[in-house]
Amino acid sequence: MTELPTNKAPSIIRRSSPLKLIAENLTIDRGGRRVFQDLSFTLESGTALVVTGANGIGKSSLLRTLAGLVSLAGGAMHVEGGEDDRPLAEYAHYFGHQNAVKPALTALENLVFWQSFIASVRIDAFAGAAVPPEEALATLGIGHTAQLPAGYLSAGQTRRLALARLLVTPRPVWLMDEPTSALDTASEAQLLGLMNDHLGSGGMIVTATHTELALSNTRVLHLRAAEPVRTLTEELDA
Amino acid sequence: MSSWGVALFNRDLRLSVRIGGSALVGVLFFLAVVTVIPFGVGPDLNLLARIGPAILWIGALLATLLGLDRLFQADREDGTLDLMLMAGRPLELVVLIKCLAHWVATGLPLVVAAPLLGIFLNLDPVAMGAVTLTLLVGTPALTLIGAIGAALTVSLRRGGLLLAVLVIPLAIPVLIFGVSAADAAIHDPVPFLTPFLILTALSLIAAVVGPVAAAMALRFSAD
Amino acid sequence: MDLGPHAGFIIASYGLCLATVIGLIAWVHIDKANQEKALKELAAQGISRARPDGKDATPS
Amino acid sequence: MAIWDYANPTRFLRLVQIVLPWLTGLCVLAFAAGLYMSFFVAPDDYQQGDTVRIMYIHVPAAWLSMMCYSIMAVSSLGTLVWKHPLADVSAKCAAPIGAAFTFMALVTGSLWGKPMWGTYWVWDARLTSVLVLLIMYLGLMTLWRTMEDPIKAGKAAAILTLVGALNLPVIKFSVDWWNTLHQPASVIRMDGPTIHPDILWPLLVMAVAFTLLFFVLHLMAMRNEILRRRVRAMRLRAASAAQPGTAAATAQPAE
């Protein structure tokens with residue numbers, strides 16, 4: 001008679017369902033103006049959602065809403081398959097137009113701070129792991145700048161430093177607003193590689209972009225002005 | 001406090017020390033205010049000794065207000081505040097730690113400078129000690145109350161002056177008990193301990209109300 | 001009627017209060033006229049007040 | 001609940017339309033009666049002579065300066081906790097009116113004090129608290145004016161109003177304490193049950209008149225504010241309509 005694998009029993013019970021980002025009937029108003037209303041989508045683990053549409057249509061607002069920075073006028077959003085009472089914002093990294101890099105601190109100090117400050121998400125369904133700060137800088141090709149005050153970095157280097165933040169703390173959802181801005185072609189390819197890795201480890205990406213991104217598994221969300229109220233009009237698989 | 005709190009505290013302290021030496025500017029401003037007063041009221045040493053604690057307190061209040069407008073604004077301008085809001089840390093504690101770091105960088109130097117400036121104002125050693133002690137207990141309250149104003153005006157391009165207008169009425173009780181306690185130590189109409197304990201209580205209340213209100217204001221400002 | 005030796009103070013008090021109240025009333029009326037004028041101009045430009053979805057546009 | 005029925009601005013405006021004429025009429029009547037009583041019915045004070053007549057506007061103004069702040073504090077709770085859509089309109093409109101009444105209380109207090117105490121101003125606990133109150137009203141009004149977006153401004157002002165409401169008793173207490181420390185009570189106090197009915201009745205009628213005046217002005221100011229927001233919303237819509245969705249490169253700043 002063999003021993004029962006008692007120590008494994010809990011892990012069987014704990015096996016969680018795959019991650020899923022669910023947004024239902026999102027409606028937001030900014031400055032007394034309705035930006036969009038009743039926008040719904042679901043995003044499965046390992047998928048990227050590319051948000052397209054004209055300038056000023058509300059792409060940035062959508063990302064900021066998902067990041068919990070804009071209050072909802074209606075609707076709800078949550079992550080399924082994680083801890084229950086955790087808001088979406090705490091599952092997510094927000095990579096926006098601003099880099100949140102302090103010029104007076106060295107590149108490494110910037111990164112180390114974010115690593116310890118941002119709470120990481122450890123759930124079974126997401127395999128992303130924390131990359132040590134030095135390694136993250138090296139991966140992005142700015143390892144040599146680690147001890148330099150970030151104020152000496154070029155725009156592209158600063159952007160990459162900001163990107164390194166997403167690697168040092170594992171979080172399953174990446175919200176990326178124009179991620180390729182200020183990056184040259186080589187860095188853009190590297191960024192795509194990182195994004196694909198993230199998808200590969202079970203993460204999700206919501207990105208607003210003008211350029212075509214060669215991501216492995218994408219869906220497109222096209223925001224279009226429906227006169228005069230702007231709403232989501234179509235949702236396509238790419 | 002866990003490691004993230006320490007990391008935040010260290011970062012904020014490092015930033016204030018490295019950027020323009022804000023501690024130094026605050027102390028210089030304090031010195032300037034204290035130097036100007038005798039020109040206004042005349043060089044009568046007895047009068048100066050009598051109003052000395054009040055001058056030091058008002059100087060400290062103004063110097064504190066001066067540095068407060070950047071408390072959250074710098075973080076908002078470069079997007080740091082957005083990330084702090086979604087970091088999964090209690091925002092009230094984040095505000096409290098930022099205030100603490102700000103106080104260590106700008107308030108504590110004022111407290112240290114106070115005895116030296118007391119010499120200019122003809123304060124005797126007891127008075128000097130009393131003023132320094134009340135400043136040590138009272139200036140954190142100024143920073144914490146000021147944090148509310150800083151959070152409310154965080155989105156305004158030139159919020160510094162408005163911040164002062166909003167915060168000064170709230171800071172009146174701290175000023176009253178700070179100066180009263182210092183006065184009580186010099187010529188005692190009342191025992192020193194009564195106003196001093198009330199001052200301590202005000203600081204503790206500010207440590208609760210300030211971060212709660214400021215955190216609420218910061219959440220709204222992200223919108 | 002005779003207001004005694006301090007008539008000046010009494011009249012000044014009532015006068016200042018009256019002036020303040022008149023000021024408030026004037027403010028309210030001028031403000032109203034301004035807003036209504038702006039509304040009229042906007043309506044003349046053909047901008048409707050209600051939203052197509054029937055919801056009211058004012059404070060949300 | 002009744003308050004929620006009037007969450008809709010249009011319905012609220014209709015209510016104002018109906019209530020306002022009646023309220024205005026009552027207010028005028030109350031003022032006529034109050035002023036008549038305070039000048040022709042109320043007797044001179046044996047000590048203060050005719051200057052006691054200043055009391056009939058001073059005390060109601062002081063009472064309203066407090067009531068107005070209380071209304072703002074409740075409205076602020078309405079903004080932050082119950083999220084009532086008209087709460088911040090109410091708070092915003094109460095501020096200038098409250099400031100005006102506070103100003104009246106201060107001015108009449110000074111003018112009353114000069115013949116009575118021989119000085120326009122004493123650093124008495126009450127006067128000082130009212131002065132601080134005035135500064136707070138003005139600060140709040142500035143905050144509202146400086147912020148572009150009325151909804152954001154409303155939330156910020158609501159927080160400040162509530163902190164101020166917590167702070168006012170502390171200020172009163174500390175100024176009281178400070179006052180007894182610096183100058184032992186020498187000020188004539190006109191309070192408590194010693195007030196004679198001949199004085200009390202005109203005072204009460206005037207208080208009612210002032211309160212009615214406040215509500216009339218408040219409702220009118222709220223109506224204006226609703227119209228102002230309507231204008232703002234329409235202008236925003238006008239701007240976005242003039243800009244076809246595809247061509248614009250500006251519309252939404254990424255803040």
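The values are calculated or read from the model by the stated rules, or taken from the named source; none is laboratory data. Everything numeric here is computed off the predicted structure, so don't read it as measured data. Cβ coordinates were reconstructed from backbone atoms using ideal geometry, including for glycine residues, and neighbour counts include every protein chain displayed. SASA here: full protein model, heavy atoms, side chains in, ligands and nucleic acids out. Shrake-Rupley method; radii C 1.70, N 1.55, O 1.52, S 1.80 Å.
Laid out as a table, the results:
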read-out	value
Residue selected from segment A:148-193 under the condition of a type in the set (S, T, Y) and under 30 Å from A:H78 (Cβ atoms), by the criterion nearest to the chain's Cα centre (by Cα)	A:T169
Sole residue being more than 14 Å from chain A (Cβ to nearest Cβ), under 15 Å from the mean Cα position of the chain (by Cα), more than 22 Å from A:G151 (Cα to Cα) and surrounded by fewer than 16 Cβ atoms within 10 Å (Cβ to Cβ), chosen from B:V27, B:V112, B:V104, B:V36	B:V112
Among residues of segment B:174-197, those that are at pLDDT below 90 and either under 30 Å from D:V81 (Cβ atoms) or among the basic types (K, R) (or both), counted	0
Complete set of residues in segment D:224-234 that are open to solvent by 10 Å² or more (accessible area, probe 1.4 Å) and more than 7 Å from chain C (Cβ to nearest Cβ)	D:R232
Failed condition for B:V17, given (1) surrounded by 17 or more Cβ atoms within 10 Å (Cβ to Cβ); (2) within 12 Å of chain A (Cβ to nearest Cβ); (3) touching a residue at least 60 places away in the same chain (Cβ under 8 Å)	(1)
Conditions (1) of a type outside the set (V, I, T); (2) open to solvent by less than 10 Å² (accessible area, probe 1.4 Å); (3) touching a helix residue (DSSP H, G or I) at 6+ places or on another chain (Cβ under 8 Å): number failed by A:R30	(2)
Every residue from segment A:17-28 that is part of a loop (DSSP other than H, G, I, E, B) and at pLDDT 80 or above	A:L19
Candidates B:V17, B:V25, B:V34, filtered to the one that is touching a helix residue (DSSP H, G or I) at 6+ places or on another chain (Cβ under 6 Å) and part of a helix (DSSP H, G or I)	B:V34
Residue match in segment D:72-83 (condition: closer than 24 Å to D:L204 by Cα and modelled with pLDDT of 90 or more)	yes
Subset of segment B:171-197 [buried (at least 24 other Cβ atoms within 10 Å of the Cβ) and free of Cβ contacts under 8 Å to residues at least 24 places away in the same chain]	B:I176, B:S180, B:P195
Residues that are β-branched (V, I, T) and open to solvent by less than 20 Å² (accessible area, probe 1.4 Å), drawn from segment A:161-202	A:V168, A:T169, A:V173, A:T180
Unmet criterion (only one of (1) at pLDDT below 90; (2) open to solvent by 40 Å² or more (accessible area, probe 1.4 Å); (3) closer than 30 Å to B:A49 by Cα; (4) within 9 Å of chain D (Cβ to nearest Cβ)) for B:I168	(1)
Some residue of segment B:142-150 being farther than 14 Å from B:P211 by Cβ and among the hydroxyl-bearing types (S, T, Y)	no
Test result for A:S61, of a type outside the set (V, I, T), within 19 Å of B:F220 (Cβ to Cβ) and touching a Lys or Arg at 6+ places or on another chain (Cβ under 9 Å)	yes
Criterion: within 12 Å of another protein chain (Cβ to nearest Cβ), under 23 Å from A:Y94 (Cβ atoms), among the charged types (D, E, K, R) and surrounded by 22 or more Cβ atoms within 10 Å (Cβ to Cβ) - qualifying residue of B:R76, B:R11, B:R89	B:R11
Strands (runs of 3 or more DSSP E) within segment A:29-107 that include 2 or more residues among the aliphatic types (A, V, I, L, M) and either under 27 Å from B:P90 (Cβ atoms) or at the interface with chain B (Cβ under 10 Å from one of its Cβ atoms) (or both)	A:74-80
Residues being open to solvent by 20 Å² or more (accessible area, probe 1.4 Å) and either in contact with a Gly (Cβ under 7 Å, 6 or more places away or on another chain) or modelled with pLDDT of 90 or more (or both) - total across segment B:143-163	1
Failed condition for B:F220, given (1) open to solvent by less than 10 Å² (accessible area, probe 1.4 Å); (2) within 9 Å of chain D (Cβ to nearest Cβ)	(1)
Residue check, B:L83 within 23 Å of A:P170 (Cα to Cα) and part of a helix (DSSP H, G or I)	yes
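Residue by residue, here is whether (1) within 17 Å of the chain's Cα centre (by Cα); (2) open to solvent by 20 Å² or more (accessible area, probe 1.4 Å); (3) modelled with pLDDT of 85 or more holds:
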position: A:Q98; (1), (2), (3): yes, yes, yes
position: A:K102; (1), (2), (3): no, no, yes
position: A:A107; (1), (2), (3): no, no, yes
position: A:W114; (1), (2), (3): yes, no, yes
position: A:V121; (1), (2), (3): yes, no, no
position: A:F126; (1), (2), (3): yes, no, no
position: A:A129; (1), (2), (3): yes, yes, no
position: A:A146; (1), (2), (3): no, no, yes
